[in-house]
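The next block holds one structure in the form of structure tokens; read it before the comments.
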């Protein structure tokens, strides 16, 4: 029996997953959240399936120790590499960011040509293509890894000629192929959405899986009768943040993304899980 | 009693330390090397002192299990954060890259103004400044963190207008201050030495701690009578490489740096150490 007033667990390799948290806060404000960012081992996007799965499994154990009622894998790499395996081992509902993003892209495309940008791991896994083809086998999916986008975002160059230049190099081939829909397949990318949009042009629809994931979470909680029933305010303890390293730095970055006022972030050593 | 024919242990957060290995191979070709790159947890440069020290301690235990006769901390961040503490706990000789780099910079400067570039961690620790001032208290040391250099090197943009542009942004203030010596305080940076040199101009001497560290290792082995005495060839087993993730990718990158033909790299899970 799951406690419907328990928090939702959300995790990511570090800070990118906060773009998903931001959407959950907006769309389902009556839910508690426990967030974990694996800042001691980030990034995941350049690492192997085995390693990302081992790390994700430890985090799921930690979130279960926090008695969450559902888990959102707010990281494209972990969704691509680890979700299917860990879902089988876990008895609470889990959703990733890939499936909702894939579904939204199929709904958005008119010409059947969809682009996906993400980390080396996400693109190498071809997982967006797999999910898209399950829904719509004739859709053509073109993936492009963009390894420099994460460090550029983390350096704060959200609007910068260097980011423009790198975006042009990465995205030109997608434009040449004539895609009409582009999935922002890494949770950092919504932060450089305007740069990506400018390079791709107005005719290309950008799909933000963070938005779609929050919508799917809302549906899931509703279908399974897991929505929080407390009617009084949820108080200061409503959103709790944990990281494996650098709590102060995380807090600063987090406050620039979610603008909700993160009060504190606690350090957890993952090797114990 | 240390076995003088045992290998030298060298470690880094990932691949940067290979620039140190390359110098050891050149300067002391008669030594065996066991290299460990912590590719499952890289980078270290954005992480905390506690985390980097914990990781480094695990790696030292692994290298001791390989019966190395000395350990080279071929990572500026680990040298800055972890070396002093771990050296006290360990009974085999250890050297880092910071002290040799600091010494060489003091010898190189004429006007007493030395710049240091490195990761956030290395620069934040002020360790180069501390070591330089121990030798030469009147020397002025100016540090500058360059977080994008590592991802740019790993993306292969060793010679590229984007790297030029980022280098100009990072280095202009060091030029304005009028330094005559610049320490490449991260083991990745020798790979973009020509870009850094072009931006700084001919009058600024670039100090590569990798070179100085290999020289210091040679001296140490000689002073302590730990030089390898085998006169026959050391065979295929002379250089052994271990990583915590992505062995194939490591091998490819390694072969682009050391051009010696790395035969194989084995995976080790660090959490067991």
Select the chain B residue whose beta carbon lies nearest to the rotation axis carrying chain B onto chain A, and write the distance in whole Å.
-> B:151, 2
Label-to-label distances across copies for residue A:26, with labels 7 Å out along Cα→Cβ, in nm, shortest first?
-> 5.3
Cα atoms only, chain B: Rg and Dmax in Å?
-> 17.8, 54
Rounded to the nearest 10 degrees, the helix B:98-108 long axis (Cα) sits at an angle to the longest Cα principal axis of chain B of 50
Cα-based shape type of the range A:1-76, given that a ≥ b ≥ c are square roots of the gyration tensor eigenvalues and the cut on a/c is 1.5 = oblate
So how far, in whole Å, is the C-alpha centre of the range B:134-169 from the one of the range A:238-273?
-> 29
Which whole-angstrom value gives the distance between the alpha carbon centres of the range B:64-117 and the range B:1-58?
-> 11
Helix axis angle, B:18-27 relative to chain B longest principal axis, alpha carbon, degrees | 70
Quick one: helix B:209-223 against the long Cα principal axis of chain B, what's the angle to the nearest 10°, folded into 0 to 90?
-> 40
What gaps in nm, shortest first, separate residue A:227 from its twins in the other copies when you place the label 7 Å past Cα toward the beta carbon?
-> 7.9
Ascending list, in nanometres, of distances separating the residue B:137 label from those of the other copies (7 Å, Cα toward Cβ) | 8.1
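Let me have the 222 nm mean residue ellipticity of chain A computed from DSSP H runs of 4+ only, each contributing -39500 (n - 2.57), with the sum over all residues rounded to the nearest 500. Please list the in-between numbers first.
On the way: 12 runs with 124 residues, N = 273.
For chain A, the value works out to -13500 deg cm²/dmol.
How large is the Kirkwood hydrodynamic radius of the protein assembly as shown, counting all unique pairs of alpha carbons, in Å? Numbers along the way, then the final one.
Numbers: mean 1/r = 0.0404 Å⁻¹.
After inverting the pairwise mean of 1/r, the radius is 24.8 Å.
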For chain B, with a Gaussian network of springs between Cα atoms less than 10 Å apart, report the residue from B:13, B:56, B:126 with the top mean-square fluctuation.
-> B:126
Compare the peptides A:150-156, B:247-253 by average per-residue count of other Cβ atoms within 10 angstrom and give them in order, highest first.
-> A:150-156, B:247-253
Comparing B:190, B:161, B:209, which has the greatest mean-square fluctuation in the GNM of chain B with Cα pairs linked when under 10 Å apart?
-> B:161
Label model pair residue A:135, residue B:159: point-to-point distance (7 angstrom along the Cα→beta-carbon line) in nm is 4.6
Between A:33, A:177, A:127, which gets the highest mean-square fluctuation from a Gaussian network model of chain A, Cα cutoff 10 Å?
-> A:177
Within the range A:4-29, whose backbone N sits under 20 Å from a point 7 Å along Cα→Cβ of residue A:234?
-> A:4-12, A:15-29
Using only Cα atoms, figure out Rg for the range B:84-151 and give it as a multiple of 2.2 N^0.38 Å.
-> 1.22
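Readers should treat all values here as calculations from the given coordinates under stated rules, not as data from a laboratory. Everything numeric in this text was worked out from a predicted model, so none of it was measured. Heads up, the Cβs are rebuilt from the backbone with ideal geometry, glycines too, and the neighbour counts pull from every protein chain shown.
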